[in-house]
């Protein structure tokens with residue numbers, strides 16, 4: 001690709017709730033550090049967002065504005081041809097992402113997004129992985145809270161286990177210890193679209209298979225599903241309940257393992273849960289979490305109820321947490337891994353700002369800059385994951401910003 005491209009990064013979807021956060025992050029943390037542009041389908045809205053951001057960051061007034069439409073392949077191909085990386089926040093990706101991925105693959109342009117839509121990722125793998133390997137395009141899905149803490153956290157844990165114990169951790173648990181954040185209308189739209197697609201038995205089969213993102217011939221293994229009940233964990237001395245994004249993150253981690261050649265063995269036992277605390281209070285919180293999540297999924301699976309929820313209680317597209325709420329958000333995660341011989345390794349991941357918005361904007365922006373500017377740390381082409389494409393390079397970037405990864409010293 002080289003320096004002949006006009007831009008290092010084009011942010012597609014800058015007029016959306018999360019897209020604006022990514023633009024503001026680039027202004028706040030990378031003033032003059034990259035050649036970037038903002039893109040969307042409506043030039044008037046782009047100019048309005050640019051003017052609003054310029055009240056805090058005047059230099060954004062000089063950022064070029066590009067027009068392209070998610071369903072106009074020629075405009076997307078022209079966009080991809082001008083930049084080294086397309087960074088997109090336009091979801092639901094299953095509705096608006098197909099032609100953009102195809103354009104990036106055709107032009108050999110790197111790409112990153114925030115999708116948590118497993119069924120769509122599988123479609124992109126099937127449609128584009130081989131062609132992307134040929135063109136050198138790195139198509140990197142799940143570059144936000146889904147699934148950077150999980151994927152890079154496990155990558156660091158495994159690297160540390162191999163260094164300390166000479167063997168990978170074949171049993172890994174990801175514990176959400178603390179988190180404070182909210183939902184935007186865009187996230188809700190993606191979730192509701194997934195529920196709509198899940199009416200198709202073939203889609204339900206993909207969503208229900210823990211190995212659905214692995215290469216053909218490898219989509220099976222010992223794991224039978226993500227934890228959805230209540231349990232006591234001696235590892236973190238507390239009760240645990242389900243984690244809402246486990247069904248996405250665990251599949252991304254398994255795809256990383258496969259893409260890297262199964263360095264953590266085909267028998268990797270990886271799962272994610274939420275730690276709710278000790279004692280009766282922790283137990284009741286875990287029960288409430290499991291029951292509430294189950295009830296939400298059951299209600300959202302019924303089309304009339306789903307539509308009513310969207311109209312009455314869930315945020316609409318373009319809506320999301322306030323700036324104050326985003327600034328006050330955070331998350332703390334601990335991963336605990338054990339080798340077959342029982343040797344333990346722990347990794348901590350901490351994030352500042354709302355995990356799904358402030359921290360996610362950081363992770364997506366740094367993923368795009370890593371693809372554009374840093375020497376390649378991982379695979380050179382294909383439909384990839386954060387760990388298989390970016391691993392140590394992205395972790396080094398994040399550790400200097402709002403998200404930190406730390407291998408706990410051996411005791």
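Note on the stretch 255-299: among residues that are free of Cβ contacts under 8 Å to residues at least 60 places away in the same chain and in contact with a strand residue (DSSP E or B) (Cβ under 7 Å, 6 or more places away or on another chain), the one that is surrounded by the fewest Cβ atoms within 10 Å (Cβ to Cβ) is 278. Taking residue 53 as the residue in question, decide whether it is in contact with a strand residue (DSSP E or B) (Cβ under 7 Å, 6 or more places away or on another chain) and outside the structural domain of residue 213 (by TED's automatic domain parsing). Against the criterion (in contact with a strand residue (DSSP E or B) (Cβ under 7 Å, 6 or more places away or on another chain) and outside the structural domain of residue 213 (by TED's automatic domain parsing)), residue 53 does not qualify.
Just to be sure, is residue 386 under 13 Å from residue 150 (Cβ atoms), modelled with pLDDT under 95 and surrounded by 24 or more Cβ atoms within 10 Å (Cβ to Cβ)? No; evaluated as a whole, the condition is false for this residue. May I ask you to verify whether residue 373 is touching a residue at least 60 places away in the same chain (Cβ under 8 Å) and surrounded by fewer than 21 Cβ atoms within 10 Å (Cβ to Cβ)? Yes: the conditions hold for residue 373. Checking each residue in the stretch 177-206 for being surrounded by 17 or more Cβ atoms within 10 Å (Cβ to Cβ), modelled with pLDDT of 90 or more and out of contact with any strand residue (DSSP E or B) (no Cβ under 9 Å at 6 or more places or on another chain) picks out 203, 206. Where strands (runs of 3 or more DSSP E) fall entirely within the stretch 61-141, those with at least 3 residues that are modelled with pLDDT of 95 or more and surrounded by fewer than 24 Cβ atoms within 10 Å (Cβ to Cβ) are at 65-67. Just wondering, is there one or more residues in the stretch 154-176 that are within 19 Å of the chain's Cα centre (by Cα), assigned to a helix (DSSP H, G or I) and either at pLDDT below 90 or surrounded by fewer than 21 Cβ atoms within 10 Å (Cβ to Cβ) (or both)? The answer is no, given that none of the residues of the stretch 154-176 is within 19 Å of the chain's Cα centre (by Cα), assigned to a helix (DSSP H, G or I) and either at pLDDT below 90 or surrounded by fewer than 21 Cβ atoms within 10 Å (Cβ to Cβ) (or both). Residue 356 versus (1) at pLDDT below 95; (2) in a loop (DSSP other than H, G, I, E, B); (3) surrounded by fewer than 24 Cβ atoms within 10 Å (Cβ to Cβ): which is the lone unmet condition? Result: residue 356 passes all but (3).
Suppose the filter is surrounded by fewer than 19 Cβ atoms within 10 Å (Cβ to Cβ), over 15 Å from the mean Cα position of the chain (by Cα), farther than 30 Å from residue 127 by Cα and not assigned by TED's automatic domain parsing to the domain that holds residue 122; does residue 324 pass it? Spelling it out, residue 324 is indeed surrounded by fewer than 19 Cβ atoms within 10 Å (Cβ to Cβ), over 15 Å from the mean Cα position of the chain (by Cα), farther than 30 Å from residue 127 by Cα and not assigned by TED's automatic domain parsing to the domain that holds residue 122.
As a summary of the residue check, residue 387 satisfies the conditions (1) touching a residue at least 60 places away in the same chain (Cβ under 8 Å); (2) in a loop (DSSP other than H, G, I, E, B) except for the one numbered (2). All of (1) without any contact (Cβ under 8 Å) to a residue 60 or more places away in the chain; (2) not in a loop (DSSP other than H, G, I, E, B) hold for residue 32 with one exception: (2). Of all residues in the stretch 142-153 being in a loop (DSSP other than H, G, I, E, B) and touching a strand residue (DSSP E or B) at 6+ places or on another chain (Cβ under 8 Å), which is surrounded by the most Cβ atoms within 10 Å (Cβ to Cβ)? It comes out as 143. Looking across the stretch 254-295, the residues that are touching a helix residue (DSSP H, G or I) at 6+ places or on another chain (Cβ under 9 Å) and closer than 22 Å to residue 242 by Cα come down to 255, 268, 270, 271, 272, 273, 274, 275, 276, 277.
The values are calculated or read from the model by the stated rules, or taken from the named source; none is laboratory data. Note that the structure is predicted; figures quoted are calculated from it, not measured. Note that each Cβ is placed from the backbone with ideal geometry, even for glycine, and that neighbours are counted across all protein chains shown.
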